[in-house]
Amino acid sequence: MFESLTVVAIVLGALGYLGVRVSRTVRAARTAKEGGCGESCGCSDT
Amino acid sequence: MENSSTGSLATTGLAPEAGPAQLTSQLRVALIGNPNTGKSTLFNALTGMRQRVGNYSGVTVERVEGRYRRSNGTAVSVLDLPGTYSLSATSPDEEIALTVLLGLAPDLPAPDVVVLVVDASNLERNLFVVSQILELGLPVVIALNQVDTAAAAGIRVDSVELAMQLQVQVVETVATKGQGIDVLKRAIERASALPLPERSFELPAPLFRAVQPVEAVLVQAGFHPSTAAMEALRLLAIAPEGHLAGIPGLEGEAERARTALEEAGYNARAVEAEVRYGWIAEVVEATVHRFGSAGSSRTDRIDAVLLHRVFGPLIFLLLMAIVFQSIFTWAEPLMTAVEGLVGGVGNLAGSALPEGDLRSLVVDGVIAGVGSVVIFLPQIVILFLFIGFLEATGYMARAAFIMDRFMRGVGLHGRSFIPMLSGYACAVPGIMATRTIENPKDRLATIMVVPLMSCSARIPVYTLLIGTFIPPIAVAGIFNLQGLTLLAMYFLGTAAALVVAGIFKKTLLKGPSQPMIMELPPYRLPNLRSLLLTVSHRAGLFLRRAGTIIFALTIVLWALATYPKTEVVADVTDGAAQEQQLAGSILGRAGQAVEPIVRPLGYDWKIGVSIISSFAAREVFVATMGTIYGVGSDADETSVALREQLLAETDAAGTPVYTPLIAVSLMVFYVFAMMCVSTNAVVVRETGGGWKGVKWAAFQFLWMFVLAYSAAFVVYRGGLLLGFAA
Amino acid sequence: MSIPWWAPWRQAETKVKNQCTACLLTSCGRGSRAAVLRMDCAGEEAKKLRNLGLYEGSCVTVLDRQDGYVLDVRGSRLAVGRHLAGAITVLPLGG
């Protein structure tokens with residue numbers, strides 16, 4: 001039971017992370033179109 | 001990024017007023033200068049290891065920042081601006097430099113102090129950008145760098161006289177040896193308190209009268225008078241773009257100024273260069289002293305050999321052969337070590353965790369998945385070491401010069417050659433190396449075709465298929481059919497890359513062929529520390545991706561290959577159980593769903609599954625085949641069990657599934673198909689990021705897939721027609 | 001400049017068109033010096049060359065010529081393509 005929950009949590013976490021990355025890219029693309037700045041790749045990660 | 005709203009036109013050039021207030025907090029220093037002045041080495045000497053590398057928002061210009069501590073404990077942040085010959089914004093690099101210095105960059109306030117790095121052995125050309133920056137109304141310190149190499153070449157620059165002429169502090173430095181760094185730091189401290197530099201030459205009367213109204217318009221628009229004077233002179237040669245676009249009446253006044261100048265007998269477009277270089281000539285006359293013999297320099301002598309019409313290209317070819325030989329031979333033991341390490345970690349995790357899904361996730365999913373990517377790190381590091389070394393010695397520009405004629409044949413620049421060559425090891429560093437290509441269209445065309453070069457991730461696929469299905473027959477006495485097949489795959493990819501690049505340059509990325517304008521820097525010994533820092537930054541970038549996106553993807557892929565679970569019939573071998581399990585999973589069902597698509601190529605659903613799973617990375621194909629054929633997922637391309645299974649596999653009617661023809665068609669598919677998440681990610685980033693990057697990456701994936709499918713189809717169907725059934 | 005035995009082709013190159021009339025940079029041989037008179041290349045390239053110190057009225061020396069040209073411009077080596085060199089009109093300076 002505990003193990004299955006862990007696995008589900010990890011997989012969901014991975015999916016969530018990918019989702020965040022995709023949505024961040026999309027959002028950055030939108031703001032860039034409106035004349036703001038795009039995603040400053042890498043800089044914000046560290 | 002706390003001060004992201006700074007950058008309205010009204011504050012332009014007013015930074016010094018903010019200077020003293022910020023002394024108590026953080027001092028912002030920007031480092032700028034011509035390329036090849038040792039600017040990055042100076043930056044490393046100032047900041048040490050405390051630096052971070054990113055991109056300026058929206059563009060693929062590398063943004064390097066670092067910091068050091070002052071004696072009173074407060075931090076000084078240092079921004080290493082890209083190397084620029086002028087502030088005329090003729091390239092993305094120069095545009096970024098100008099925007100940052102004017103305080104108009106979206107997330108960067110204007111610097112408090114500008115450190116201008118100047119090559120002592122080439123003062124004349126270096127002073128052009130200096131003369132422009134002195135007029136920006138920012139505190140400036142000049143670092144007169146490489147005074148040692150200048151002295152060796154018989155050039156002495158009188159730094160005291162230079163300071164008098166330019167009215168700013170001049171510090172002599174030898175960045176490679178760390179000399180003068182402390183003096184430079186002290187000069188940076190003092191800079192804000194000193195009077196601001198300004199233009200120290202008078203314009204000829206007609207020119208002065210002509211630019212006066214343009215300056216007035218700019219001052220009206222909120223520019224600092226000194227900055228306005230610089231911009232007005234610059235505007236004679238350019239159209240008001242970027243931050244100058246949309247200022248009312250500016251273009252009209254600029255056009256009137258140009259007409260007035262032409263009437264007075266001046267060449268309006270050349271007049272800025274004329275007056276600035278005229279002033280520079282006087283400064284050089286007063287400050288540069290030459291001594292010793294004026295014989296041919298060391299660089300001349302080396303160039304006589306390396307740029308020789310016969311030996312030059314030969315030496316270049318020899319060098320490239322050595323680079324490649326070492327990428328494959330030196331990396332071999334390291335890759336084995338990484339493989340062993342990954343395996344060890346897997347075993348450790350396997351024994352620590354109880355049997356079950358969690359263990360499978362950690363061992364088969366995460367560790368094996370991330371491991372299959374990290375294994376390429378040694379090759380990437382070695383390749384970057386070579387590229388960095390050749391770049392630092394000054395040879396890279398010569399290589400581009402030598403290859404220019406050849407690359408021009410397909411409409412590309414000589415600089416496209418190295419990235420394409422790097423693609424043989426791995427497309428990721430190849431695409432990152434395209435940053436040296438200035439023309440955006442050339443750069444895009446190169447990025448589009450780099451993944452066609454057969455990278456080392458394809459080697460496991462080729463080895464498995466060739467080793468199993470291509471007989472080791474001797475051809476023409478000395479050649480082996482297996483080796484020839486491998487060579488043919490490499491040749492196919494290379495030829496396709498050149499042809500496709502030519503097609504792109506003639507259609508989608510059509511544009512005038514970019515003429516070569518390139519400085520050939522003097523040869524010098526590279527600085528080991530700088531070299532290692534650059535390599536570690538690039539390797540870090542690669543590892544970060546393996547640790548984030550690829551990590552997440554492997555987990556998802558594992559889940560797709562594991563769920564939903566099927567009841568396995570008892571008393572079958574482990575391998576057969578694994579196979580049934582996979583067939584019932586989402587991934588297995590997807591493979592069966594795509595079977596109609598891959599059927600025309602002669603593939604069955606199992607190959608379909610392997611292809612789908614290899615979207616993450618090509619070499620996953622081998623591991624998936626291992627899983628499917630029940631020999632365990634730790635099968636590798638040399639596994640005898642897997643090879644026997646493949647040869648013995650038959651369909652319902654009893655005919656073999658795999659024939660040499662299918663093997664060849666499958667290899668051709670992998671030559672062309674873009675199956676690599678790392679490359680996709682790096683293409684998104686390098687083609688501009690955001691939607692634009694995603695569009696280019698998607699486009700690249702699609703055309704490569706279509707090409708791969710058609711080529712595999714032609715090979716299979718053509719082969720059948722020609723009677724190569726078995 | 002002496003011509004080494006292993007490079008007989010240099011002989012042809014060192015012949016400088018020495019009359020005092022304007023010609024294209026492409027007809028200047030290795031080692032010749034010339035003043036730039038006119039630049040008929042695209043605006044962007046001309047701008048770049050001017051910033052690098054190669055503008056109307058400045059002097060260049062041809063250091064090497066193969067498919068492209070290596071020029072000495074204000075003490076630095078500048079490689080320019082053949083097409084670009086063909087768009088630059090110069091006045092050869094004796095020697």
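Nothing in this text is a laboratory measurement; each read-out follows from the coordinates by a stated rule. Since the model is a prediction, treat every value here as computed from it, not as a measurement. We place every Cβ from the backbone using ideal geometry, glycine too, and count neighbours over all the protein chains shown.
Return, for the Cα atoms of segment B:238-381, the radius of gyration and Dmax in Å, separated by a comma.
That works out to 31.8, 89 Å for Rg and Dmax.
Under the definition of partner shielding as Cβ atoms of other protein chains within 10 Å of a residue Cβ, what is the mean value for peptide B:359-368?
Taking all residues of B:359-368 together, the mean is 2.
Relative to the longest principal axis of chain B, what angle (0 to 90°, nearest 10) does the C-alpha long axis of helix B:225-235 take?
60 degrees
Tell me, what is the FRET efficiency for B:Val160 and C:Thr61 to the nearest 0.05, using R0 = 30 angstrom and their Cβ-Cβ distance as r?
Given R0 = 30 Å and the Cβ-Cβ separation, E is 0.45.
Given chain B, report the % of alpha carbon pairs whose separation exceeds 35 Å.
54 percent
Shape verdict for segment B:362-422, please, from the Cα gyration tensor: rounded (a/c under 1.5), prolate (a/b greater than b/c) or oblate.
It is oblate, given that a/c is not under 1.5 and a/b is not larger than b/c.
May I ask for the net charge around B:Glu251, where only other residues with Cβ less than 12 Å from the Cβ of B:Glu251 are counted and Lys, Arg are +1 while Asp, Glu are -1? Before the final figure, lay out each step's value.
On the way: positive: B:Arg256, B:Arg258; negative: B:Glu241, B:Glu253, B:Glu255.
Around B:Glu251, the charge tally is -1.
Please give the peptides B:418-425, B:694-701, B:170-177 ranked by average Cβ packing (other Cβ atoms within 10 Å per residue), highest first, as a rough proxy for protection. Working shown, then result.
Details: B:418-425: 24.9, B:694-701: 17.5, B:170-177: 21.6.
Order by mean packing, descending: B:418-425, B:170-177, B:694-701.
Suppose a student asked you for the relative contact order of segment B:216-335, using Cα pairs under 8 Å spaced at least 6 residues apart; what percent would you report? Write out the running numbers ahead of the final one.
On the way: 41 pairs, mean separation 19.8, N = 120.
Value for segment B:216-335: 17 percent.
What does the structure give for B:616-625 when I average, per residue, the other chain Cβ atoms found within 10 Å of the residue Cβ?
0
What ³J(HN,Hα) values, in whole Hz, does the Karplus curve 6.51 cos²θ - 1.76 cosθ + 1.60 give for segment B:466-474 when θ = phi - 60°, with x put for Gly and Pro?
Here the 3J(HN,Hα) series is 5, x, 8, 10, 9, x, x, 8, 6 Hz.
Could you list which residues have their amide H under 5 Å from that of C:Arg77, counting only those 5 or more apart in sequence or on another chain, with H placed in the peptide plane?
The answer is B:Leu520.
Return the calculated 222 nm mean residue ellipticity for the protein assembly as shown, to the nearest 500 deg cm²/dmol, obtained by summing -39500 (n - 2.57) across DSSP H runs with n ≥ 4 and dividing by the residue count.
-16500 deg cm²/dmol
Can you compute the modelled spin-label distance between B:Val640 and C:Asp72, with each label point 7 Å from Cα toward Cβ, in nm?
6.9 nm
Between B:Leu722 and B:Lys565, what length comes free when the chain is fully extended (0.36 nm per residue of separation minus the Cα-Cα distance, one decimal in nm)? Write out the running numbers ahead of the final one.
On the way: separation 157, 0.36 × 157 = 56.52 nm, distance 4.40 nm.
Result for the pair: 52.1 nm of gain on full extension.
Distance from the Cα centre of segment B:375-413 to that of segment B:693-717, in angstrom?
27 Å
Taking θ = phi - 60°, what integer Hz values does the Karplus form 6.51 cos²θ - 1.76 cosθ + 1.60 yield along segment B:609-620, in sequence order, with x for Gly and Pro?
Once rounded to whole Hz, the list reads 4, 4, 5, 4, 5, 7, 4, 6, 7, 4, 5, 5.
For segment B:640-722, divide the Cα radius of gyration by the Kirkwood radius and give the resulting Rg/Rh value with two decimals. Write out the running numbers ahead of the final one.
Values: Rg = 17.4 Å, Rh = 14.9 Å.
Reported Rg/Rh, Kirkwood definition of Rh: 1.17.
At a threshold of 8 angstrom on Cα-Cα distance, excluding pairs fewer than six apart, so keeping six or more, what relative contact order does segment B:387-507 reach in percent?
24 percent
By how many nm would the segment from B:Val475 to B:Arg309 grow when fully extended, if each residue of separation counts as 0.36 nm and the alpha-carbon distance is taken off?
Once the chain is fully extended between B:Val475 and B:Arg309, it gains 56.2 nm.
Of all the Cα-Cα pairs you can form in segment B:59-182, what percent are over 19 Å apart? Don't skip to the end; give the middle numbers.
Numbers: 3996 of 7626 pairs.
The calculated P(r) of segment B:59-182 puts 52 percent of pairs beyond 19 Å.
Taking 1 over the mean of 1/r across every pair of different Cα atoms in segment B:205-290, what Kirkwood radius in Å do you get?
13.6 Å
What does the average come to when, for each residue of peptide B:305-317, you count the partner chain Cβ atoms lying within 10 Å of its Cβ?
2
Using only the alpha-carbon atoms, how far is helix B:551-562 inclined from the longest principal axis of chain B? Give it as 0 to 90 degrees, nearest 10.
20 degrees
Give a residue-ordered list of calculated ³J(HN,Hα) values for segment B:207-212 (Karplus: 6.51 cos²θ - 1.76 cosθ + 1.60, θ = phi - 60°; whole Hz; x for Gly, Pro).
5, 4, 5, 5, 7, 3
Skipping prolines and chain starts, which residues have an amide H placed within reach, meaning under 5 Å, of the one on B:Val171, given they are 5 or more residues away or on another chain?
Excluding prolines and chain starts, which carry no amide H, the hits are B:Ile142, B:Ala143, B:Leu144.
Rounded to two decimals, what ratio of Rg to Rh does segment B:279-338 give with C-alpha atoms and a Kirkwood Rh?
That ratio is 1.36, to two decimals.
How many nm is it between the label spots at C:Thr89 and B:Ser326, if each spot is 7 Å from the Cα in line with the beta carbon?
According to this spin-label approximation, the distance is 5.0 nm.
Hey, could you get me the Stokes-Einstein D for the protein assembly as shown, Kirkwood radius over alpha-carbon pairs, 10 °C and 1.306 mPa s, rounded to whole µm² s⁻¹?
53 µm²/s
Among the listed pairs B:Lys510/B:Lys695; B:Lys39/B:Lys177; B:Lys39/B:Lys185; B:Lys441/C:Lys48; B:Lys506/C:Lys47, which are separated by more than 21 Å between their Cα atoms?
Long pairs (Cα-Cα over 21 Å): B:Lys506/C:Lys47.
Could you compute the net charge surrounding B:Arg524? Neighbours are other residues with a C-beta less than 12 Å from the C-beta of B:Arg524; K and R count +1, D and E count -1.
With Lys, Arg at +1 and Asp, Glu at -1, the neighbours total -2.
Against the longest alpha carbon principal axis of chain B, how many degrees, from 0 to 90 and to the nearest 10, is the axis of helix B:271-287 turned?
The angle comes out at about 70 degrees.
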